[in-house]
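Report on one structure; see the data block that follows.
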C-alpha cells in the first residue's frame, strides 16, 4: 500500500498544472521525458510543424521526438517542442542535456 501511495505521489508531482493561458506548467526540475509522458497521458499529441528543424544526429534531446521544433547546440542548449490538443497548440521549452523543462507557452487556440 505504501508503494502505491508513493507512486501516486510521484505521478502527481510531475503532472502539469494548467496555466491561465491554456498551456500546461511543470514543476521546476521536471525532465522533458517526464513532461512528455504527462502530456501524452493528458491527451496532448506531438506535432511536427513544416518549418521545424531536423534533429541533429546523436542529439538525445530530440531523437525519436517528432515534436521537436528547434534545438540549439550552443549556450544553454535550449529546445522547443510543439504539442496539440483539440484546437490548442503549445510549445514546451527546455534547457540543458538531458533536457529539463524551462517553461511552456501558447502558440494558438489558448483561452
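What follows draws every value from the coordinates through simple rules; no lab data is involved. Since the model is a prediction, treat every value here as computed from it, not as a measurement. For neighbour counting, all protein chains shown are included, and Cβ atoms are generated from backbone atoms with ideal geometry for every residue, glycine included.
Each of 52, 45 has some number of other Cβ atoms within 10 Å of its Cβ, and from fewest to most they run 45, 52.
Relative to the globular-protein estimate of 2.2 N^0.38 Å, the Cα radius of gyration of the stretch 59-111 stands at 1.15.
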